[in-house]
1. Let me know the shape class of the range 330-431, please: from the alpha-carbon gyration tensor, a ≥ b ≥ c as square roots of the eigenvalues, rounded when a/c is under 1.5, otherwise prolate if a/b is greater than b/c, or oblate.
2. What FRET efficiency, computed as 1/(1 + (r/R0)^6) with R0 = 22 Å and r the Cβ-Cβ distance, is obtained for residue 177 and residue 109, rounded to the nearest 0.05?
3. For residue 933, go through the lysines and keep the ones whose alpha-carbon is under 20 Å away, minus same-chain ones fewer than eight residues off.
4. Please work out how much length the chain gains when fully extended from residue 266 to residue 199, using 0.36 nm per residue of separation minus the C-alpha to C-alpha distance, in nm with one decimal.
5. Classify the range 174-275: rounded, prolate or oblate, from the alpha-carbon gyration tensor (a ≥ b ≥ c, eigenvalue square roots; a/c under 1.5 rounded; otherwise prolate if a/b is larger than b/c)?
6. Using the basic label-point model (7 angstrom from Cα toward the beta carbon), what is the residue 970 to residue 78 distance in nanometres?
7. Give me the one-decimal nm value for the distance between modelled label points at residue 250 and residue 692, 7 Å along each residue's Cα-to-Cβ direction.
8. Determine the alpha carbon to alpha carbon distance for each of 558/688; 270/701; 525/688; 252/701 and list only those over 31 Å.
Amino acid sequence: MITRRSLTTVAAAALLLGGAGTAWADDSHDVLPGSDTALVQVFVNSEADVEKLSAEFDLAEYKQVEDDGTIQLNIDADPGERAQLRAMGFRIGQTIEDAKTRAAVNAEREEAAALERLAGDLAENGVPKGGIKLDGKSVVPTPGETVIQRANKFTNYAGTFIYVEAHNKATVRVAGSNTAFTGPTLALSFAGADGVYSTPTNMGRFIDTDPTPDEYMYHRQLVRLTPAQAAIPASQMTVRVAAGTGATDTFKVTEWLGTTLPPNVAGYQKGFFNRYQDPTENRAQLDALATQFPNLVTPVNLPNLTNGYQRKSQAIMNGTTAIGSTPPVTLGPLLIDTTGEITAAQPVASIPFTGVAGQSIRAIVNGIPGGSTDFILAIKDPAGTVLQSIDTGTSPETVNQVLPTSGTYTYEVSGFEGDLGDFTFTVQEVFSSAVVLTAKEWGHTGGDEVTAEFRNPGAASSPLSVAVTGKDIVVNLATNDTGALTSTAAQVVAAINAKPEAAALVTAMTYRGNTGGGVVPVRAKVNLDDFLNAPAHVQRGPFQQRVYRIGSVRDGSKVGVFLYCQQHAREWTTGLTCVETAERLVRNYATDPETKKLLDNVEVFVLPNVNPDGGHYSMYDFNSQRRNMTNHCPVAGNSDPAARNTWGVDLNRNNGEYSLFDGYFGASSSCTSDTYSGPAEYSEPEIKNEKWVADTFPNIKFANNIHSYGGYFMWAPGSYTGNGRVTAPAPNIGIEKYFFEAGEKILARIKEHRNTVILPERTGPIADVLYSAAGNSADDQWYRKGIISYSFETGADRFTSTSTGTAQIITGFQPCFSGVGTGGGTGTCNANLINEGRDQAMEFANGNYGMIESAYDYAMDTTAPKTSIEFSAAQTSGDPINYRFNWDDEAAVIYYTTDGTTPNLSSRKYNNQRARSIGEVLTLSQPGAYTVKWMAIDMKGNQSAVQSQRLLVAADDESGTVGGSVPATLALTLGTPATFGAFTPGVARDYNVSSTATVISSAGDATLSVADPSSTNTGHLVNGAFFLPQKLQAGTGGTLAPVGGSAAPTTLKTWSAPTSNEAVAINFRQTIAASDALRTGAYSKTLTFTLSTTTP
């Protein structure tokens, strides 16, 4: 540890420069506190005392009323002033700060500042010879403590920048804390070919705050380059990152998105939309495209209809309150009214409450004074399960809960991140007089025609009654003997449901399961409403989704790319992206050679709107709608129209791999949450359809799920557990390199439109650069089907300056499509974002085109990857040897062994040091001789040859010669001569016989042949002047050939390597026809067998 005394060497220069210039204020100004002052608690009796002391003493901005009524103040006072306060009768409590604590804080600050300066100095100047010295003592950096994992230079519309990531092993979570971290300052500097490093820049920590506990990911920093720095080629730049501990690392800079792209032909067509379009319009546009180009587009109806843009008509009947709004409630008497305190010794206060099923209970915790402490309020059911936990970031905090069962519940009060303080706590029963009516019919099929009216009969002692005429329901409320209304909500609900004619039209319920004890007020006649406002061209009822197969060959034989948009309803630019992509591909096929090449070799599947129901609802009813429209909330819960904007399933949480149901984080089981996973995996028809596409077309190897906003380009893993942040299995470094390499072309295409660069920090696995999204589509497709599945987020933040800083503004879900005011209700629409909606759809359609290009590259790839090994030494006297593998041309998974055995798919894989990091450094430390063997397999499955490298630790290899020579040898020994025996005249028959030959050959190749050397009747057996009409056949297998003459011998067998004493069976066949004339006597022929070679 570096002590305060050891910092003197580092700080000396600053002291020499600043010490002589110190000036003190004169008496007319505030005087700095003396070294003997202390901040102490002082207890007074009244506000008058507070006013009196504030005029005479240095009071801190703090005041607290104690349980005994006294008031605690905090006063900074020297010994004389403290004595004066005691003399005035005021009690002095604990000392909060004094000279000792202030000195310690200052020493800690000085130490941190010195380490910060050290980090900057090391980043700029490097480690001096002899190591780093503080107070004359060496600080030896921990090897590998700081590791740079990325250094990219890029240029966009706003300037030229460098982005750096580095991981520091000394940055760790503070023991006992979920959120606090400790670790050294990291600073970066960079240099060109001249080796002169830039002024250092401190790097920021990237902490993932979503899981519990928080997780340190790495440090990262984006730096704008000056014009001179921007002129340095990336290939000549080196980054150095240094930590305050002395650990440093250097890294070569690479150009981000430096790929050269093939141009489109002159007159390339694009821009096939003029405004935001709803899903019905998108489908109609692609239907028309398919009709016009049947040779390139096939629309395929997906098997599951959506639940539809439709809702049952409803009304919340509660006086003059709008029928779709939350009704007011009546609070009962206080059931609990108490106070408490959260202390370090007791950080959680538990308060029991006994209730009955159906009660609606409101609990409120507030600080003393009000709002002074950030509390968290939770409620547990009798079994100890947390029903709700509310933390809005302040106090008071309120929990409203309908009790599901009778029993003793527990409220728990705690402080956010250890906040302490006093609190008040109250519990009251909530009564509602609202009646919720839900039509039996959908709004568009008759539900909107139902009316309801709650009347005051105008007479005392009237009974509660229900009358129905056609679709009009009239409730005459009961009155008492004074004429006051007495019908409770529960009574009205029971009366309506008991009336057959009314029950045929509607179902009545109390508001969200409330006991309905409130008296129902009069409500004027009103039509029930489905609250849907889309124009007539949007069909009510289930929606038929289609996926469009695009390509000149659509039989599944070509590599497939699945592009699907608008899983989240409010992301309006995304559907346009899919439509624009399809239009460009089809309409440019005949004129653009690049497009034709792609569609001749790749099949593209386009699903323009995964969430059509939600898309319509977002565009016409509730701009912020994210989910589909299906209400899975319990009937007695949030199923009334006041909750209509909270219904639906997050379709990107409804998949089956690493989902909420598997214990992964980032999805909710609450039916009103924007990340609601649904009641089960694949519960929603939209996700069943998406899954059907991936399962039905096995040629799909690439996929892209297009979302907005933020400008992200991501892939699996997309989820992790909330406790401990364990991700779904991360792909091997070779696969992740492929994701990046294929992404290079995709992102370069995005940049092509208007020079937007998707930042390196927003490129990578979903779980690393965004958050955990349990049950997302990318994970489902990658882990379940092996599809190379990406996720876009359109809408990259826009830099606000082209000359200074790195400040950016967000674009929102529905940015201005063209001019100001042309966006939706939730997106940012200002003069800085003119045409933003249109440009986002256009540039990410470019990105889709780049993905199809990457798929084409994949389809055409038949070349094995090239890899190499890099090592610290081939031989040492005992020191360990470090080595790693390099990819020389393309990404691949590398399999290796160190014992000389041939690697296979079960061998160890070379991997990264940690998630999103560089390749691991492997070490051979035990003495011995090692033969490292490795092979590589690329994403297509092309496999390299096995390579090897000999590495020696405290061992030696010396070449020695031992051997002998083999003379050129060709030896042929024939066995017993072959004889057919007797031939029978007049009978057709094949006669077969065999002999053997023994072969010895030392040649590289050899041929055994047979020939008839005679010049008459060559190849025929003879008997004096007579010969057999059919030629003699010979061979060494089942296929025999006629025996040729010396000029054209018949080959019996060939060898491509030496052989010794090989026995070769030689077969002969003589065919006799029934009409062949045979002469008495013996037929024979002397043959010549030859063993020859061309490579002795």
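1. Prolate.
2. Numbers: r = 21 Å, r/R0 = 0.94.
The value I calculate is 0.60.
3. Answer for residue 933, where 20 Å is the Cα cut-off: 866, 909, listed by chain and number.
4. Details: separation 67, 0.36 × 67 = 24.12 nm, distance 4.60 nm.
In short, 19.5 nm is gained.
5. On the way: a/c = 3.45, a/b = 1.40, b/c = 2.47.
Oblate shape, in that a/c is at least 1.5 and b/c is the bigger or equal ratio.
6. Distance between label points: 11.8 nm.
7. The two pseudo-label positions are separated by 6.0 nm.
8. 525/688; 252/701
Throughout, read-outs are computed from the coordinates displayed, never taken from laboratory work. The shown structure was predicted, so the numbers you read here are calculated from the model rather than taken from an experiment. In this analysis, Cβ positions are derived from the backbone assuming ideal geometry, glycine residues included, and neighbour counts consider all displayed protein chains.
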